[in-house]
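Q: Mind having a look at this structure? Questions to follow.
The values are calculated or read from the model by the stated rules, or taken from the named source; none is laboratory data. As the structure is a computational prediction, the values presented were derived from the model and not from experiment. Neighbour counts run over all protein chains shown; Cβ positions are idealised from the backbone, glycine included.
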Amino acid sequence: MASSPATQDPRELGLTGWVGEHPINGTDVAHLLLSPRSSTAVAEGVELLAELLGLRPLKNGVMPDIPAVITRAELRGSDVHVLYGDDGDLTRPVTPEWTDAAIKQRFVIVTFGTAPFTGDLAALDRYLERDDRLFVGEIPVTRHTAQA
């Protein structure tokens, strides 16, 4: 049975991180790429999940600014958690450089590709050239603070 977008199995999705240029103003920012791990994970639910995250196609040089109530990034130790919906949580380890860029800008650019990305960072530029299959947005980032 196919997963609904809200319950898409996180194991079917890859999350890649890097520090790179902001596509509009060129500043260094922390990026995350979310994409299906394989073509079998690609379904109509992928685009719906991108919309659930608040991500939109990049149009007219405008980067969508996603409110924290929809999607946000939370830094916990050496991991980033992309939190969405009532209990959605996509997690990956990040480098100190990535964390520093995220904290400095106070946001992370999330790109959701509807096609599988199985390459390494060297193949990333080619993947990102196909903007017809990409959804993007700036999501706010915070540090997790332990509750007493």
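Q: Could you grab me the full set of residues in the stretch 56-78 that are surrounded by fewer than 12 Cβ atoms within 10 Å (Cβ to Cβ) and of a type outside the set (Gly, Ala, Ser)?
A: Result: Lys59, Asn60, Val62, Asp65, Pro67, Val69.
Q: Also, I was wondering about something else. Considering only the stretch 98-127, state which residues are among the hydrophobic types (A, V, I, L, M, F, W, C) and surrounded by 13 or more Cβ atoms within 10 Å (Cβ to Cβ). Step through it out loud before you land on a result.
A: At the first step, the residues of the stretch 98-127 found to be among the hydrophobic types (A, V, I, L, M, F, W, C) are 98, 101-103, 107-110, 112, 115, 117, 121-124.
Passing the criteria: Trp98, Ala101, Ala102, Ile103, Phe107, Val108, Ile109, Val110, Phe112, Ala115, Phe117, Leu124.
Q: Additional query: Test of understanding: among Asp100, Asp86, which residue is of a type in the set (D, E, K, R) and in a loop (DSSP other than H, G, I, E, B)? Write out each step before concluding.
A: On the way: Asp100 fails: in a loop (DSSP other than H, G, I, E, B).
One residue alone meets the criteria, Asp86.
Q: Consider Ile24 against the criteria (1) modelled with pLDDT of 80 or more; (2) under 16 Å from the mean Cα position of the chain (by Cα); (3) among the aliphatic types (A, V, I, L, M): it satisfies all of them except one. Which criterion is unmet?
A: Among (1) modelled with pLDDT of 80 or more; (2) under 16 Å from the mean Cα position of the chain (by Cα); (3) among the aliphatic types (A, V, I, L, M), Ile24 violates only (2).
Q: Taking only pairs six or more apart or across chains, which ones have beta-carbon atoms under 7 Å, a first residue in the stretch 4-29 that is among the charged types (D, E, K, R), and a second residue that is modelled with pLDDT of 90 or more and surrounded by 17 or more Cβ atoms within 10 Å (Cβ to Cβ)?
A: From the stretch 4-29, the pairs are Asp28/Ala101.
Q: Condition check: loosely packed, with under 14 Cβ neighbours inside 10 Å, out of contact with any strand residue (DSSP E or B) (no Cβ under 9 Å at 6 or more places or on another chain), in contact (Cβ under 8 Å) with a residue 24 or more places away in the chain and over 17 Å from Pro140 (Cα atoms). Does Gly45 satisfy that?
A: No, not satisfied.
Q: Could I ask something else about it? Evaluate the stretch 68-82: report whether one residue or more is closer than 23 Å to Gly26 by Cβ, in contact (Cβ under 8 Å) with a residue 24 or more places away in the chain and not hydrophobic (A, V, I, L, M, F, W, C).
A: no
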